[in-house]
1. List the number of the failed condition for Glu30; all other conditions in (1) of a type outside the set (Phe, Trp, Tyr); (2) within 14 Å of Phe72 (Cα to Cα); (3) touching a strand residue (DSSP E or B) at 6+ places or on another chain (Cβ under 6 Å); (4) surrounded by fewer than 16 Cβ atoms within 10 Å (Cβ to Cβ) hold.
2. Quick check: is even one residue across the range 24-40 part of a strand (DSSP E or B) and either at pLDDT below 95 or under 13 Å from the mean Cα position of the chain (by Cα) (or both)?
3. Quick one: is Phe72 modelled with pLDDT of 90 or more and either assigned to a helix (DSSP H, G or I) or in contact with a Phe, Trp or Tyr (Cβ under 9 Å, 6 or more places away or on another chain) (or both)?
4. What are the residues in the range 1-20 that are under 15 Å from Phe72 (Cα atoms), of a type outside the set (A, V, I, L, M) and not in a loop (DSSP other than H, G, I, E, B), if any?
5. Are any residues in the range 51-69 in a loop (DSSP other than H, G, I, E, B), without any contact (Cβ under 8 Å) to a residue 12 or more places away in the chain and hydrophobic (A, V, I, L, M, F, W, C), and if so, which ones?
6. Identify the single condition in (1) modelled with pLDDT of 95 or more; (2) touching a helix residue (DSSP H, G or I) at 6+ places or on another chain (Cβ under 7 Å); (3) surrounded by 14 or more Cβ atoms within 10 Å (Cβ to Cβ) that Ala64 does not satisfy, given that it satisfies every other one.
Amino acid sequence: MNVLEGAYLAWLDFREFGLSPTALNQAVVEKAGLWLDGGTIFGKSGAGFQRLNFACPRAVLKDALERLERAFHSTVFFL
């Protein structure tokens with residue numbers, strides 16, 4: 001993630017997992033239990049990214065990030 005200049009949106013880079021945009025969206029929803037914006041809604045160059053709105057209480061953000069960590073670092077994908 002890059003340093004932000006004044007927004008509450010973060011672009012998360014999931015390209016290292018090699019998932020298609022559909023599989024990435026499915027993993028975020030089904031494995032992490034979150035609904036983020038898939039990067040491809042912003043064009044082809046958004047493939048492999050998810051956009052997270054972090055304008056929320058710190059506890060909510062912490063929970064979301066922990067869910068993502070567990071979903072993407074503690075499992076093997078069979079999508």
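The values are calculated or read from the model by the stated rules, or taken from the named source; none is laboratory data. Computed from a prediction, not measured in an experiment: that's the story for all the values here. Cβ: placed from backbone, ideal geometry, glycine included. Neighbour counts: every protein chain shown.
1. (3)
2. yes
3. Values: modelled with pLDDT of 90 or more: yes; either assigned to a helix (DSSP H, G or I) or in contact with a Phe, Trp or Tyr (Cβ under 9 Å, 6 or more places away or on another chain) (or both): yes.
For Phe72, the condition - modelled with pLDDT of 90 or more and either assigned to a helix (DSSP H, G or I) or in contact with a Phe, Trp or Tyr (Cβ under 9 Å, 6 or more places away or on another chain) (or both) - is met.
4. So the first thing to find is which residues in the range 1-20 are under 15 Å from Phe72 (Cα atoms), and the list is 12-20.
Right, trim to of a type outside the set (A, V, I, L, M) and you get 13-18, 20.
Result: Asp13, Arg15, Glu16, Phe17.
5. Initial filter on the range 51-69 (in a loop (DSSP other than H, G, I, E, B)): 54-57.
Then drop every residue that is not without any contact (Cβ under 8 Å) to a residue 12 or more places away in the chain, which leaves 56-57.
Of everything in the range 51-69, just one residue is in a loop (DSSP other than H, G, I, E, B), without any contact (Cβ under 8 Å) to a residue 12 or more places away in the chain and hydrophobic (A, V, I, L, M, F, W, C), namely Cys56.
6. Condition (2) is where Ala64 drops out.
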